[in-house]
1. Please give me the summed charge of the neighbours of residue 40: other residues whose Cβ is under 9 Å from its Cβ, Lys and Arg +1, Asp and Glu -1.
2. Shape call for region 24-153 from the C-alpha gyration tensor, a ≥ b ≥ c root eigenvalues: rounded (a/c under 1.5), prolate (a/b greater than b/c) or oblate?
3. Net charge within 15 Å of residue 74 by Cβ-Cβ distance, Lys/Arg positive one each and Asp/Glu negative one each, not counting residue 74 itself?
4. Counting other C-beta atoms within 10 Å, which of 98, 139 has the fewest, and how do the rest follow?
5. Using Cα-Cα distances under 8 Å and only pairs 6 or more residues apart, what relative contact order does the chain have, in percent?
6. How much mean residue ellipticity at 222 nm does the chain get from its helices, if each DSSP H run of length 4 or more adds -39500 (n - 2.57) and you divide by all residues, to the nearest 500 deg cm²/dmol?
7. Based only on other Cβ atoms within 10 Å, what is the fewest-to-most ordering of 45, 113?
8. So, counting K/R as plus one and D/E as minus one, what does the shell of residues with Cβ under 12 Å around residue 98 add up to?
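Just so it is clear, none of the values below were taken in a lab; they were calculated from the coordinates. Remember, predicted model here, so these are calculated numbers, not experimental data. All Cβ positions, even for glycine, are placed from backbone atoms using ideal geometry, and neighbour counts span all protein chains on display.
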Amino acid sequence: MYRPFMIAAAATAFVVLSSTAFAQGTAAEAKAMLVKAAAAVKADKTKALDEFNKGEGGFLVGDLYPFCFNISDGKLVAVANPNAKNLIGTDGRTLKDSTGKLFGVEQFAAAQKPEGEITVTDYLFPKPGADKTPVAKESFTTKVGDLICGVGYYP
């Protein structure tokens, strides 16, 4: 009697967690997370960047996550996507997708706009998870103090 219950509980947990963990975000949800991320940076930059990098505090939801670059040197300082951790410390202005598109340059256009104004960039990038195949992505970036932060979604 105990074993069937455990199997049923495990199966239910798997279905619930897998549907949440791999949920596909929308443009509206990405913009909402960007607003939340910007507020977190303004409140406590060090804590926010730590949460972004760990995917904590609601900053890794399905395939939505924030990323931030220093405006001064272009270095990526935070990203919650486990498939992009190797990019931390990279100059974001040099980032290009698998087609050769320099999407980092477009994202950095946000630094030239007033804080809170959003720049939209389309490019190819791998989703969080095991598959590292680049797929279509649209990111929203904005200036937040001395950073450019963004959140993208996979349409």
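1. Values: positive: 36, 42, 45, 47; negative: 44, 51.
Value of the local net charge: +2.
2. It is rounded, given that a/c, with a ≥ b ≥ c, falls under 1.5.
3. Value of the local net charge: 0.
4. 98, 139
5. Numbers: 296 pairs, mean separation 35.4, N = 155.
Across the chain, relative contact order equals 23 percent.
6. On the way: 4 runs with 53 residues, N = 155.
Taking each H run of at least 4 residues, the total per residue is -11000 deg cm²/dmol.
7. Values: 45 17, 113 14.
Ordered from fewest to most neighbouring Cβ atoms within 10 Å, 45, 113 come out as 113, 45.
8. On the way: positive: 96, 101, 132, 137; negative: 97.
Combined, the nearby Lys, Arg, Asp and Glu give +3.
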